[in-house]
Amino acid sequence: QVQLAEFGGGLVQFGGSLRLSCAASGSDSSAFDMSWYRQAPGKQRELIATIFDGGSTSYADSVRGRFTISKGNAKNTVVLQMNNLKTEDTAVYYCHARWGIGVVTWGRGTQVTVSS
C-alpha cells in the first residue's frame with residue numbers, strides 16, 4: 001500500500017520561511033505528478049503547487065513567486081520551499097501523488113502556522 005508522509009510544518013513568523021518535504025513509500029513506480037494542497041480552517045482544500053514527472057511545475061496565483069516545488073533526491077519525493085510567508089498561508093498542508101487515472105494517494109497533512 002502506497003503511503004505519503006509529510007515533514008517540516010511548524011510555527012513561523014510573518015515574512016519567514018519553511019520547507020516542507022513529502023516522501024512516498026510502497027511503490028516502485030514513479031508518480032505521474034506530485035502536488036501540495038492546503039486547507040485553512042473553514043475553507044475548502046486548494047491546490048497550490050504541482051510538479052509533473054517531466055519536471056514542469058504549476059502554481060496557484062496565491063503562492064506563485066513565493067513558493068517553489070521541486071523533486072527531492074529520492075524517487076517519489078517532493079519539496080515545497082515557502083518564502084515570505086503570510087498569515088493567510090496558515091493551513092494544514094497535504095501532499096498528494098497521482099499514479100494513474102483515478103489512482104491517487106494523500107498524506108495525513110502537516111500544520112503550518114504563520115504568526116503576525
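The values are calculated or read from the model by the stated rules, or taken from the named source; none is laboratory data. In this text, all values refer to a predicted model and were calculated from it rather than measured experimentally. No Cβ is skipped: glycine too gets one built from the backbone with ideal geometry, and neighbour counts run over all protein chains shown. Surface areas here come from the heavy atoms of the whole protein model, side chains and all, with no ligands, DNA or RNA. Shrake-Rupley method; radii C 1.70, N 1.55, O 1.52, S 1.80 Å.
For residues that are at pLDDT below 95 and surrounded by fewer than 16 Cβ atoms within 10 Å (Cβ to Cβ), tally how many sit in the range 11-26.
The number of residues fulfilling the criteria is 2.
Give the number of residues within the range 80-116 that are of a type in the set (A, V, I, L, M, F, W, C) and touching a Leu at 6+ places or on another chain (Cβ under 7 Å).
The total comes to 8.
Which members of the range 40-57 meet the condition of being under 11 Å from the mean Cα position of the chain (by Cα) and open to solvent by less than 60 Å² (accessible area, probe 1.4 Å)?
If the condition is that a residue be under 11 Å from the mean Cα position of the chain (by Cα) and open to solvent by less than 60 Å² (accessible area, probe 1.4 Å), then ILE48, ALA49, THR50, ILE51 are the ones that fit.
Take ALA60 and decide whether it is over 16 Å from VAL12 (Cβ atoms), touching a residue at least 60 places away in the same chain (Cβ under 8 Å), surrounded by 14 or more Cβ atoms within 10 Å (Cβ to Cβ) and among the small types (Gly, Ala, Ser). Break it down into steps so the answer makes sense when it comes.
On the way: over 16 Å from VAL12 (Cβ atoms): yes; touching a residue at least 60 places away in the same chain (Cβ under 8 Å): no; surrounded by 14 or more Cβ atoms within 10 Å (Cβ to Cβ): yes; among the small types (Gly, Ala, Ser): yes.
Criteria not met by ALA60.
Return the residue satisfying two criteria in turn: it lies in the range 65-97 and is closer than 20 Å to PHE52 by Cβ and surrounded by fewer than 13 Cβ atoms within 10 Å (Cβ to Cβ), and of such residues it is modelled with the highest pLDDT.
GLY65
Please identify the pairs in which a residue from the range 32-50 that is more than 19 Å from VAL2 (Cα to Cα) has its Cβ atom under 6 Å from the Cβ atom of a residue that is assigned to a loop (DSSP other than H, G, I, E, B) and open to solvent by less than 50 Å² (accessible area, probe 1.4 Å), counting only partners at least 6 apart or on another chain.
Close Cβ pairs satisfying both conditions: ILE48/ALA60; ILE48/VAL63.
Name every residue in the range 39-53 that is under 14 Å from VAL78 (Cβ atoms) and not polar (S, T, N, Q), in order of residue number.
Those that are under 14 Å from VAL78 (Cβ atoms) and not polar (S, T, N, Q): LEU47, ILE48, ALA49, ILE51, PHE52, ASP53.
Just to be sure before I move on: is VAL12 under 15 Å from the mean Cα position of the chain (by Cα), over 19 Å from ARG108 (Cβ atoms) and of a type in the set (A, V, I, L, M) in the structure I sent?
So VAL12 does not fit the description; no.
Given the options GLU46, GLU6, name the one that is under 21 Å from ARG108 (Cα atoms) and touching a Cys at 6+ places or on another chain (Cβ under 8 Å).
GLU6
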